[in-house]
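Taking it in order: structure first as structure tokens, then the write-up.
The values are calculated or read from the model by the stated rules, or taken from the named source; none is laboratory data. Treat the numbers as computed from the prediction; the structure is a model and nothing was measured. Glycine gets a Cβ as well: all are built from the backbone with ideal geometry, and neighbour counts include every protein chain shown. Just the protein is used for accessible areas: all its heavy atoms, side chains included, with ligands, DNA and RNA removed. Shrake-Rupley method; radii C 1.70, N 1.55, O 1.52, S 1.80 Å.
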Amino acid sequence: MSQQIVILGIFVADAAYRADRLPRLGETILGHHFRLGPGGKGSNQSVAAARAGGDVHFITRLGRDAFADMARDLWRDAGVTPDVTEDPDSYTGSAFIFLEAATGQNAIIVAQGAAARISVADVEARRGLIEGAGLFMTQLEQPLDAAEHGLRIARGAGVRTILNPAPAAELTDEMLSLCDLITPNESEAEGLTGVTVTTFADAEAAADRLIARGVGAAIITMGEKGVLYRKGGQSLHVPARASGPVVDTTGAGDAFNGGLAVALSQGAAMEQALQFGAAVAGISVTRHGAASAMPTRSEVEAFLRG
């Protein structure tokens, strides 16, 4: 069986500004801090999976600009193989992130650029890559028709499929039926099912609704409570644990999904795969950033041994 992981998703450059408040129109204020770094759930998951030992190909669309160079440098350093459609008529996506100094609350503007133009044709052009994979994973940041086409190609070839339904969106039963696994967090699960998820019983109820709509199994990620796996009326809970003080949870979900994909692609049983994904996430939250926080395989294995 192929151990190759193919991920479809987007890259954006995150430009984060910390200041006391947002400026009014026509006003300039001084900020306290600035950070420019890589973002996009698909890219983050690809980096997490590659650093954790996976054979990862990432399908996306970029402009021809400095942010595209940033993306390629990131993937080269992490060991991700990019399968990129270059879009000279657009630009590589970017996000403006305002962080309120006193509270840490944020306001965000995302300009997706080329990523918003990821198409069914882009995915179809990688049909052979997807059909030869052991696992295909996507999210909902790129257009839904492209994500669904990728899932359909993978399902038709007998490739295991994972959908991380983020950001939350309305999905058809037809699309859900293409998913061997779906991995929403609490709010995404509520958006898909109408069930408010605060307890494990809530998570089981939401998972059962997703399964009734066609998914093979559901994994509800619940932050510091861990993750709950549900299939065939049976549940499995893996607790969360960090490797040190928690400093930044921004990329925790992406870290978990990337780690889960690696373990499953390499033949791990579900419980071991959940533990591996939780370990990747548990290390990532002790570091600042998203892609930059993803641990190496040796770090994950040492954490699991400890």
Residues (open to solvent by less than 70 Å² (accessible area, probe 1.4 Å), closer than 16 Å to residue 13 by Cα and of a type in the set (Phe, Trp, Tyr)) located in segment 93-146
98
Taking segment 238-256 as the region of interest, how many residues are touching a Lys or Arg at 6+ places or on another chain (Cβ under 8 Å) and within 8 Å of residue 48 (Cβ to Cβ)?
1
Please indicate, with yes or no, whether at least one residue in segment 201-216 is at pLDDT 95 or above, within 30 Å of residue 78 (Cα to Cα) and either β-branched (Val, Ile, Thr) or surrounded by fewer than 18 Cβ atoms within 10 Å (Cβ to Cβ) (or both).
no
Of (1) within 29 Å of residue 154 (Cβ to Cβ); (2) free of Cβ contacts under 8 Å to residues at least 40 places away in the same chain, residue 65 satisfies all except one. Which?
(1)
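Only one of 138, 92, 85 is under 30 Å from residue 28 (Cα atoms), out of contact with any His (no Cβ under 6 Å at 6 or more places or on another chain) and hydroxyl-bearing (Ser, Thr, Tyr); which?
Testing whether each residue is under 30 Å from residue 28 (Cα atoms), out of contact with any His (no Cβ under 6 Å at 6 or more places or on another chain) and hydroxyl-bearing (Ser, Thr, Tyr) leaves just 92.
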If you go through 262, 227, the only one that is farther than 19 Å from residue 46 by Cα and buried (at least 17 other Cβ atoms within 10 Å of the Cβ) is 227
Mind checking which residues of segment 1-40 are open to solvent by 50 Å² or more (accessible area, probe 1.4 Å) and closer than 27 Å to residue 159 by Cβ?
1, 3
Any residue at all in segment 77-92 that is at pLDDT below 95, crowded, with 17+ Cβ neighbours inside 10 Å and on the phi < 0 side of the Ramachandran plot?
no
Are any of the residues in segment 230-241 at pLDDT 95 or above and either buried (at least 23 other Cβ atoms within 10 Å of the Cβ) or part of a helix (DSSP H, G or I) (or both)?
yes
With modelled with pLDDT under 95 and either under 18 Å from the mean Cα position of the chain (by Cα) or assigned to a loop (DSSP other than H, G, I, E, B) (or both) as the only criterion, which of 102, 50, 111, 107 stands out?
102
